[in-house]
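All remarks here apply to the structure that follows.
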Amino acid sequence: MEDRKIVELFWLRDESAINQTKQKYSAMLNSIAFSILKNKSDAEECENDTYLAAWNSMPENRPEYLGAYLGRIIKNISVIKIRQRTARKRGNGYEECIDELSSLSTPETTESLFDEKETARHISDFLRSLDAEKRHIFIRRYWYCDSIRDISQGFDISESKVKTTLSRIRQKLKEYLICQGVEV
């Protein structure tokens, strides 16, 4: 079923929206949550919480890209869960992933929240300008939060090359965002 039809079911408060969403996006959502949490039952719990959050948020929102909308919800839910779980201990890899991107973050102000959509568009444009391998490495690291080791094995390249590639992409992204007038 097409995303716009699923969103329409949410708007109509039709419970089949959840089933249609689960059928289409379950694997993606579970993958995102598992890559952050490294725990199957926690990932499944976050997936179910995502469906509830989508159900509760749809009357106010009509997302153009349902997959991205759900992806953002599950990432947020998973981050909250990992922060709760790791309040006493650190080190699942997600914190490291966030630290790598910290040089690109800006203080959260009303103005920066307003510009968030524009910044996301600039990042998407930048990623489209990369060759496929670099783009996939970046996405696997910062969207799916895959470990350096998993990425290196998936692309059959050294961990050193993955780290170097990510470092160079982050630097180029920072320069690109500055050229686009994004405050970093």
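Full extension of the chain between Trp11 and Arg62 yields a length gain of 17.5 nm, computed as 0.36 nm times the residue separation minus the alpha carbon distance. When the listed pairs Lys38/Lys81; Lys24/Lys81; Lys134/Lys174 are checked against a 22 Å cut-off, the alpha-carbon distance exceeds it for Lys24/Lys81.
Only the coordinates and a few stated rules stand behind these numbers; no lab work does. Just so you know, these numbers come straight off a predicted model, no measurement behind them.
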